[in-house]
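One structure is given below, encoded as structure tokens.
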Amino acid sequence: MSVFEEIKIGLQQAIDYENGVLQAKSTKLSVLPPDTFTAQEIKAIRTGTGLTQATFAKFMGVSVKTVEAWESGRNHPEGAACRLLAITKTYPSFPRTSGIVTRI
């Protein structure tokens, strides 16, 4: 099929959808809530990466004081930080392989 034919079919589908002749395809997704982590788990994740608290804090986009608070149990990460921790727990090399942490 030529590019012209593909465009023509696509335009006809758009017209049919607009006129109510064609139903839009949809996909339903579910999103699991973020994991929660204990102070010990956070420290284990960080040490698994081989990063210092200072470098881990930069990787996470938080202050060193925040990482210290997480690791002592005085505070707990939320939202996106938990998602990033979960990825890093599964893939300890992620900070480096993602290019976020590089050797200078």
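Values in this text are rule-based calculations from the coordinates and carry no lab data. All figures in this text were calculated on a predicted structure; none of them were measured in a lab. Note: ideal-geometry Cβ built from the backbone for every residue, glycine included; neighbour counts use all protein chains shown.
Would you confirm, using the coordinates I've provided, whether A69 is touching a residue at least 12 places away in the same chain (Cβ under 8 Å), surrounded by 12 or more Cβ atoms within 10 Å (Cβ to Cβ) and among the small types (G, A, S)? It is false that A69 is touching a residue at least 12 places away in the same chain (Cβ under 8 Å), surrounded by 12 or more Cβ atoms within 10 Å (Cβ to Cβ) and among the small types (G, A, S).
Among the residues making up the stretch 2-35, those that are of a type in the set (D, E, K, R) and either closer than 30 Å to K89 by Cβ or in contact with a strand residue (DSSP E or B) (Cβ under 9 Å, 6 or more places away or on another chain) (or both) are K28, D35. With respect to the stated conditions, A54 is within 30 Å of S98 (Cα to Cα), without any contact (Cβ under 8 Å) to a residue 24 or more places away in the chain and of a type in the set (G, A, S). Just for the stretch 6-54: of the residues that are in a helix (DSSP H, G or I), surrounded by 10 or more Cβ atoms within 10 Å (Cβ to Cβ) and acidic (D, E), which one is nearest to the chain's Cα centre (by Cα)? Only one residue tops the list, namely E41. For A57, the conditions (1) assigned to a loop (DSSP other than H, G, I, E, B); (2) of a type outside the set (S, T, N, Q); (3) under 23 Å from S93 (Cβ atoms) all hold with the exception of (1).
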